[in-house]
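Structure, as structure tokens:
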Amino acid sequence: MRVLQHDNIQDWVIKVYKMRLYPDELVYSFCSRIHFYSGNQIVRKTTNRLFGNAEKTIHILWPTRLDYFSNNCQLGLSTSELVTKHTLFPYYTKFLSKEKSNKIFEAIVYGISRSNPSAYLGLNQNNVSRLHLCPLCAKEDISNFGEPYWHRSHHLPGSKVCYKHNVYLLTECPLCNESFANTSNKELNITPMFCNNGHSLEFVIENDNMDLLLIAQENNFLLTSDRNISRQFVFNKFIEYAKVKEYQNVQSTIILYDKLFPDFIKRFPKPFLDLIGITITGDQIKGINRIFWRREKPIHTLYVLLLMIFFGGTSEDFLSQEIRYTPFGEGPWPCLNKLCPEFSKKVIETVELKNTRHFAKPRGLFKCAECGFFYSRLGSDDNHRDIYQYDLILETGEVWDSKFEELISNDIVFLNEMVEELGVGRVFLRLKLKEIFGKFNLTQMRMGTIKQLRRNRIIEIVRSNPGITLTKITKIDPKLIKWMQAYDVDWLRENVRYTRMKISLEDRRNDFLEILQRYPNATKKELKQINPRNYVWLNTHDKNWTVEQLPQRVIRKSEKNLEERREQFLRLLSKHSDASRSELRKLESSNYKWLMLNDNEWLSIRQPPIKTGSNKNKSNTLEHRRKEFLRLRKEYPDLSRGDFQRQNSSNYSWLRTYDSDWFEQQLPPLKERNGMIKPRFTLEERRNQFLGIHQRNPAATPKELRKLCESNYTWLHTHDFLWLKKYQPGIRKNINTQRRKRILNKTLEERRDEFITIRNESPHLSRTGLKNTYQSLYVWLMTNDIDWFLNHLPPIVSGNHKL
């Protein structure tokens, strides 16, 4: 055996160290390493003496034939104790089945299998294992036992630091890089304190990575713990944690690795996993995936340990904590049937969990034993108020069904009232009604019943008030008449007497005086709101009498006469002599409008002339524009043409349009772009180019000319529109003439027939409705055939006054 790992070393070290099998051939060097200078013959004798097999390969991590070794060397330890206390057997078999553990135990004890015990674990046995040394542990060993020894806990997978001293483990001399373990498995290695070159191995490197220390400590816990941990127990715990963290659905065994892997990498970054020897393939870790397989496969203890730390923090907490998957909290849960006597009380003791389409989100099913109301909701709960909500109603129960049947047996079914009384949503209630009535229109069903009830109400009013008119019924119940005029106007006209005569002037005056006596303190605006139609009629046709009847506090101050208004305008004009017409209008809007309507001839003479930009003649304007441009050229000599245009765009465009020859000479030269100068055309050149195309295509439309002239048409349309317009009016005129011909005239008989057809198809439309819907026909007949039209219009529907 190359290395015999153990912790109970006190008796064993003394015995082995005193076993001088070949004292004359054993040389004790500084590094306490045994060399066999006589070649393979001495090694074969030593191996045969220790293990009873001269051909045995000494493996660092997996010794075999320990039964022979224990009996032959008389260590005072049982074989079972030697395997469990001095090898890595308890660490690697922690999560294996009993059958596989027994096979590994027999391979270690008897060496009956040709395969290395690591083959049972799915480990690579061809890799040469390395020896790990903690300098501080070695120093303590010398102090306690007089000799250092190899510690089992330092050779566990993932342990890169000493769990006790938190320093990095050495695998070779830090100075000369000499490895502690030879590449050959034919040599016994005793724990050194010096390398072959005489360098001291008391080389301490402190660790500051707490995850490395945690892995080392948890590895030592699994190695030394006597706690019996079954694979099934750990697997069940993993499943519960996966459900809690939403890595697995309620009833499924599939793990959502696309959610688990990113969280796992966030807890253990890739550099850390590479350091402890964990291989990442793409976006998965095969060792982690294998843990959740249902069929039994060898699983590496390090992967199980990492997953326990990921879920529980430490392996001890993971194993000891009680975890239950309760996405909807601890029961009981409330009944959400509004009609149940136990409404909102927590009477439901159990919840059934089901899968959902939203993977890893559970759906809870809750059923009240009192009323049979069966509902479900999607988990998991975020706060304590979520228990009073549901997503679906699976069964309504007897209590709810009896109330529902009672409501639908009424004359009128009001959906909103049913929703409020039954405590369910509108969509659910519509589906429930559809199950009973099939395809139905609730509005139409309710409309028929409502119509009959409202008709009965009108008949009752007419019987109690013989001879009553529609106007008086409207005053009694205006909402009722408004609804009937909208939805049942034909019945209303047949059964209620309309007042069709015109209202006389005396009646209108009496009505207005009655309102004045009833509301003596009303303002003019309030009087108009009480009976707007009568007020407007009187104010239009009987204004003098209406003004006389109004109280003095209501009558506005007497209006100004013509002379006063003229004097007011002249004062304004003298005060603002430079103001334009629009400015004068803004200053005194009401007076200006009055003069425009009633004294326009005088006003047009007195008000200032219309301003047309500049009063300078063309030559002065041209000179002024040239000077302005030359000033900019002198002030900014380095500006390009585009920069000049941005400085003063209006002046630039004017000069380019009306003074292009001079302007082209004064402009800076064109800048080359990609070795080419963009050509510039004068106004005459652009006009000639357009005329040539226009002469070749005399019948072309403006749209076709635009395509033929391309950018030149756009430029002329922008900068020379008045000239361009001369060559297109004929085309536009022809188009407009044809368009008018299509609209022109229907005969009088055709228009009358069209109106009669509309009246027959829509007899319920009022005058306003006809005007809004068929405006052009209505206006034409009102203008050209008013006598016939008034006789065929529907009667005027009265408001709040007599007809």
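Structure summary
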| item | result |
| --- | --- |
| Contour minus Cα-Cα distance for Gln517 and Ile605 (0.36 nm per residue) | 26.7 nm |
| Whole-Hz couplings from phi, Karplus 6.51/-1.76/1.60, listed for the range 402-407; x for Gly and Pro | 5, 5, 5, 5, 5, 6 |
| Descending semi-axes in whole angstrom, ellipsoid equivalent of the range 210-260, from the Cα gyration tensor | 27, 16, 7 |
| Net length gained if the chain between Arg385 and Glu106 were fully extended (0.36 nm per residue, minus Cα distance) | 94.5 nm |
| Ranking by accessible area, most exposed first, for Met596, Met193 with a 1.4 Å probe | Met596, Met193 |
| Accessible area in the full protein assembly, largest first, 1.4 Å probe, for Lys345, Lys707 | Lys707, Lys345 |
| Förster radius 41 Å - calculated FRET efficiency between Glu583 and Lys771, Cβ distance, rounded to 0.05 | 0.55 |
| Fraction of accessible area attributable to carbon and sulfur, the range 334-402 (%, probe 1.4 Å) | 48 percent |
| FRET efficiency, Leu622 to Glu754 (Cβ-Cβ, R0 41 Å, nearest 0.05) | 0.10 |
| Extension gain, Leu597 back to Trp491 (0.36 nm per residue minus Cα-Cα distance, nm) | 33.2 nm |
| Per-residue SASA entry for Arg290, accessible area with 1.4 Å probe, Å² rounded to 10 | 80 Å² |
| Other-chain or far-sequence residues with amide H under 5 Å of Cys335's (modelled H) | Ser344, Lys345, Val347, Ile348 |
| Inter-label distance, nm, simple model (7 Å from Cα along the C-beta direction), Glu405/Asp317 | 5.8 nm |
| Cross-link pairs beyond the 28 Å C-alpha cut-off, checked among Lys243/Lys346; Lys586/Lys726; Lys451/Lys524 | Lys586/Lys726; Lys451/Lys524 |
| Whole-percent carbon and sulfur share, accessible surface of the range 453-606, 1.4 Å | 48 percent |
| Summed side-chain charge close to Tyr778 - residues other than Tyr778 whose Cβ falls under 9 Å, Lys, Arg +1, Asp, Glu -1 | +2 |
| Förster radius 41 Å - calculated FRET efficiency between Thr281 and Thr350, Cβ distance, rounded to 0.05 | 0.40 |
| Neighbourhood net charge (9 Å Cβ-Cβ; Lys/Arg +1, Asp/Glu -1) for Ser179 | -1 |
| Inter-probe distance in nm under a simple model that places probes 7 Å from Cα toward Cβ, at Ser179 and Ile436 | 8.5 nm |
| Net charge, Ile309 excluded, C-beta distance under 12 Å - Lys, Arg +1, Asp, Glu -1 | -3 |
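The values are calculated or read from the model by the stated rules, or taken from the named source; none is laboratory data. In this text, all values refer to a predicted model and were calculated from it rather than measured experimentally. Using ideal geometry, Cβ is built from the backbone for each residue, glycine included, and neighbour counts are taken over all protein chains shown. All accessible areas refer to the heavy atoms of the entire protein, side chains included, with ligands and DNA or RNA removed. Shrake-Rupley method; radii C 1.70, N 1.55, O 1.52, S 1.80 Å.
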